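Quick notes on the structure that follows.
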């Protein structure tokens, strides 16, 4: 049976099967891009992992007319929201995380330092785009859809 999405895109949709390497990759990326942004976002309030303000270009806080700690708290909230978006709506959340990572890369380039982190974040950006693309192959894998399914006992 062909779904309307499959007809409109020309692609066959895959049945979620944990033995499928693409489905495994989808879930690995989804879990990673849910947990990491939430943890990093929370740490923006506590600075346990590092002093996050070190990575903020002064031009950014000046342009926003905010002190760096306030900017980093806002960044933390955005990262937490992005992680939750990936958990609930991975197709949208993947693109949101990718856009956020592009902003982080831009900030680091403005700062003129931490090019190694910028390069790492570019790799993460590609992975977030991959998650968003994989999510289109597995529609109905939102948290709500998973709860509505009946699983054998």
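The values are calculated or read from the model by the stated rules, or taken from the named source; none is laboratory data. As the structure is a computational prediction, the values presented were derived from the model and not from experiment. Glycine gets a Cβ as well: all are built from the backbone with ideal geometry, and neighbour counts include every protein chain shown.
Within segment 34-44, restricting attention to residues that are in contact (Cβ under 8 Å) with a residue 40 or more places away in the chain and surrounded by 19 or more Cβ atoms within 10 Å (Cβ to Cβ), which residue is farthest from residue 113 (Cα to Cα)? Here the residue is 34.
Within the set 153, 87, 132, 145, the sole residue that is in a helix (DSSP H, G or I), modelled with pLDDT under 95 and within 26 Å of residue 15 (Cβ to Cβ) turns out to be 145.
Restricting the first residue to segment 98-122 and requiring it to be under 18 Å from residue 34 (Cα atoms), which pairs with a second residue that is modelled with pLDDT under 95 and not in a helix (DSSP H, G or I) meet a Cβ separation below 7 Å and a spacing of at least six or different chains? Correct list of pairs: empty, since none qualify.
A single member of 47, 51, 59, 67 is surrounded by fewer than 17 Cβ atoms within 10 Å (Cβ to Cβ) and either closer than 14 Å to residue 104 by Cβ or touching a residue at least 12 places away in the same chain (Cβ under 8 Å) (or both), and it is 59.
Of all the criteria given as (1) over 21 Å from residue 140 (Cα atoms); (2) more than 13 Å from the chain's Cα centre (by Cα), the one not satisfied by residue 24 is (1). Among all positions in segment 21-40, there is no residue which is at pLDDT 95 or above and not in a helix (DSSP H, G or I).
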